[in-house]
Every structure is written in C-alpha cells, then in structure tokens.
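Visitor: Starting off with a structure, shown below.
The values are calculated or read from the model by the stated rules, or taken from the named source; none is laboratory data. These numbers were taken from a predicted model, which means no experiment stands behind them. Backbone-built Cβ (ideal geometry, glycine too); neighbour counts: all protein chains shown. Quick note on the areas: whole protein, heavy atoms, side chains included, nothing else; ligands and nucleic acids left out. Shrake-Rupley method; radii C 1.70, N 1.55, O 1.52, S 1.80 Å.
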Amino acid sequence: MANSDSDAGVPAQRLAFGQRLRTLRKRAGLTQTAAAVAAGMDRSFYAEVEAARHSVSVDRIPALAKALGVEPYKLFQDD
C-alpha cells in the first residue's frame, strides 16, 4: 500500500484499505449491510470505512476478515 497522501488529504493507505474492503466484500457476494452485521459494525460506519472517510482500529481487523471470509492479512494484500 502506498504511504503518501492523496490530493484530497486522505492518506493513501486509507484509500487503498477501503478499496480492498469493497473488492473483498463484492467477491464474497455481500452487501455493505451484510458485511457490517457480520463484522459487528454499524452499516453507515462500514460504508464510511470503504469510502475512506474513517479508519478502523486494529481490534476490528479480525472481525472484518471473518465477515469477508479471508485471513486478516488479506485485508492488506492485493491478489
């Protein structure tokens, strides 16, 4: 993942993480609502993570990975 900031002032790694979540969620055939519920999160917060408006704490990574059916490291690694 890139380390530099984007033009909009959002860290590039946050943008990349949100895009990766979206890719994995769609690959799993889940809606944002279904992924959020499975991860124990509010749907609107989950949507904002995908949109790079918010970031998640490291404590939420295992739940997100489980909800998307992947190992936690896959949230940070492109295929």
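Visitor: Given a 1.4 angstrom probe, I'd like the percentage of the accessible area of the chain that is carbon and sulfur, rounded to a whole number.
Guide: 49 percent
Visitor: Charges only on Cβ, +1 for Lys and Arg, -1 for Asp and Glu: so what's the dipole of the chain about the Cα centre, in debye to the nearest 20?
Guide: 280 debye
Visitor: Of 11, 32, 46, which is farthest on the positive side of the dipole of the chain, counting Cα position, with +1 on Lys and Arg Cβ, -1 on Asp and Glu Cβ, and the Cα centre as origin?
Guide: Value: 32.
Visitor: Just to confirm, what accessible area per residue do you get for the chain at 1.4 Å probe, in whole Å²?
Guide: Accessible area per residue: 61 Å².
Visitor: Using only helices, what value at 222 nm comes out for the chain when you add -39,500 (n - 2.57) per DSSP H run of length 4 or more and divide by the total residues, to the nearest 500 deg cm²/dmol?
Guide: One gets -15000 deg cm²/dmol as the mean residue ellipticity at 222 nm.
Visitor: Another question, if that's okay. Of all trypsin sites (Lys or Arg not before Pro) in the range 13-79, which ones are in loop regions per DSSP and have a Cβ with at most 16 other Cβ atoms within 10 Å?
Guide: 53
Visitor: Average projected area of the Cα convex hull of the chain, in nm²?
Guide: 4.8 nm²
Visitor: Within the range 34-51, list the residues whose amide N lies under 13 Å from a label point set 7 Å along Cα→Cβ of residue 63.
Guide: 35-46
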